[in-house]
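This report concerns only the one structure given below.
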Amino acid sequence: MLEYQTTLKSRCSLSGIGVHSGKPVSIHFSPADADTGVVFQRIDEGGTGRVIRALASEVAQTDLCTALGDVRGEHVATIEHLMAALMAVGIDNVAIEIDGSEVPVLDGSAIGFVEAFEQAGIATLGVKRRYIRVLKPVRIDNGNSWAEFRPHDGTRFEVDIDFDSPAIGRQSLSLDLSARSFREEVARARTFGFIKDVERLWAAGFALGSSLENSVVIGEDHKVINMGGLRYPDEFVRHKMLDAVGDLALAGARFIGCFRSYRGGHRLNAAALRHLLTDRSAYEVVETTRREQGRRAEMVAVNAPVYAPWMI
């Protein structure tokens, strides 16, 4: 667990299209001061300059993606792959300028963001990093789906999916999150969908930018139609874990605990996070301390309201 907050060493930028809007978009990442958190600012013609914080309290939509802000006005959508990369790489503070309403999908995974942040470099700041430590199990059920947080010494994800398609079926993946494990096991997993759903999604205004260049597509015969096939044999559950990492990054601080889900998605991830953060007995805010020179850092609780400045 890192003792101090971080930011980028230098500015970096990426461009692409929005997977749902189909519109071109550029996004710019700049270093930010301690306790800034992750903040978005629209710089396109329709933007007002309002800062949109990447926090659970700003979540406005969870249908097929996670969107922050006001979906009928100024918002930023499809933030989950970017947020997963920031959380996994370990970047706490960054100012993000974007000239559209949707983060570019790139190749449908998080690897492009990871590589951009690695190239920009990570700088350590002189302010302690705070963590949310899970103290007791917190669970939410929705029909046959469920998600829960449990106490754990570290940050762990255990994700189960179960699709009524022989191309996917039931897949499970467990991961102790680190920059290395995320890069090697999760970051390259792409978003996916079924060809039979395309017309319905288009009619609803979704997936207008989706293609075989940025999505794994399953055909009517229940086979992956991408020429290169899958990047991992179980790429589907790996992408679902990627989404979960990004959605839970909206806690405003990295959590110490285990997140488990069965047949989850953006909506269930967001609901589970809200359930945790609204139960003040379920977690405590902690930071590292070194009681003696040379000794291993320990976690100690700090006084912080339910919605501290870095969680508002």
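The values are calculated or read from the model by the stated rules, or taken from the named source; none is laboratory data. Quick caveat: nothing in here was measured; it's all calculated off a predicted structure. Note that each Cβ is placed from the backbone with ideal geometry, even for glycine, and that neighbours are counted across all protein chains shown. For accessibility, only protein heavy atoms count, side chains too; no ligands or nucleic acids. Shrake-Rupley method; radii C 1.70, N 1.55, O 1.52, S 1.80 Å.
Observations on the model:
- Ranked by the mean number of other Cβ atoms within 10 Å of their residues, highest first, the peptides 53-60, 241-248, 203-210 fall in the order 241-248, 53-60, 203-210.
- Placing pseudo-labels 7 Å out from each Cα toward the beta carbon at ASP70 and SER13 gives an inter-label distance of 2.9 nm.
- Computed lengthening from THR48 to VAL300, 0.36 nm per intervening residue step minus Cα-Cα distance: 86.7 nm
- Segment GLU3-SER174, extension gain: residue separation times 0.36 nm, minus the distance between their alpha carbons: 59.0 nm
- The chain: relative contact order in percent, alpha carbon pairs under 8 Å with at least 6 residues between: 25 percent
- The range 42-153: C-alpha gyration tensor shape, a/c 1.5 cut-off, then a/b vs b/c: oblate
- Pairwise label distance in nanometres, TYR232 with ARG139, each label 7 Å out on the Cα-Cβ vector: 2.6 nm
- Accessible area per residue in Å² at 1.4 Å probe, computed on the range 100-142: 41 Å²
- Surface/4 estimate of mean projected area, convex hull on alpha-carbon atoms of the range 23-85, nm²: 5.0 nm²
- Electrostatic dipole magnitude of the range 55-125 [Cβ: Lys, Arg +1; Asp, Glu -1; Cα centre; debye, to 20]: 120 debye
- Span from the the range 59-92 Cα centroid across to the the range 263-278 one, whole angstrom: 14 Å
- Residues whose amide H falls under 5 Å from that of THR155, counting only those 5 or more places apart or on a different chain, are LEU177, GLY257, with hydrogens built in the peptide plane.
- For the chain, the longest principal axis of the C-alpha atoms and the axis of helix 111-120 are separated by about 40°.
- Since only LEU248, LEU68, GLY154 are under comparison, the one whose Cα sits farthest along the positive direction of the charge dipole of the chain, derived from C-beta charges on Lys, Arg, Asp and Glu, is GLY154.
- Hypothetical label at LEU208: residues of the range 14-44 whose amide nitrogen lies under 14 Å (7 Å Cα-Cβ projection): 17-25
- Enclosed volume per residue, in Å³, of the convex hull spanned by Cα atoms of the range 116-216: 198 Å³
- Toward the positive end of the charge dipole of the chain, with +1 on the Cβ of Lys and Arg and -1 on the Cβ of Asp and Glu, the farthest Cα among ILE132, VAL114, LEU175 is that of ILE132.
- Think of each Lys and Arg Cβ as +1 and each Asp and Glu Cβ as -1; about the Cα centre, that makes the dipole of the range 1-158 roughly 520 debye.
- Cα gyration tensor shape for the range 105-154, rounded if a/c is under 1.5, else prolate or oblate: oblate
- Rg/Rh ratio calculated on Cα atoms of the chain (Kirkwood radius): 0.95
- Taking the Cα centre of the chain as reference, the dipole from Cβ charges on Lys and Arg (+1) and Asp and Glu (-1) amounts to some 860 debye.
- The angle separating the long axis of helix 235-248 from the principal Cα axis of greatest extent in the chain is about 40 degrees.
- Carbon and sulfur %, accessible surface of the chain computed with the full protein complex present, 1.4 Å: 47 percent
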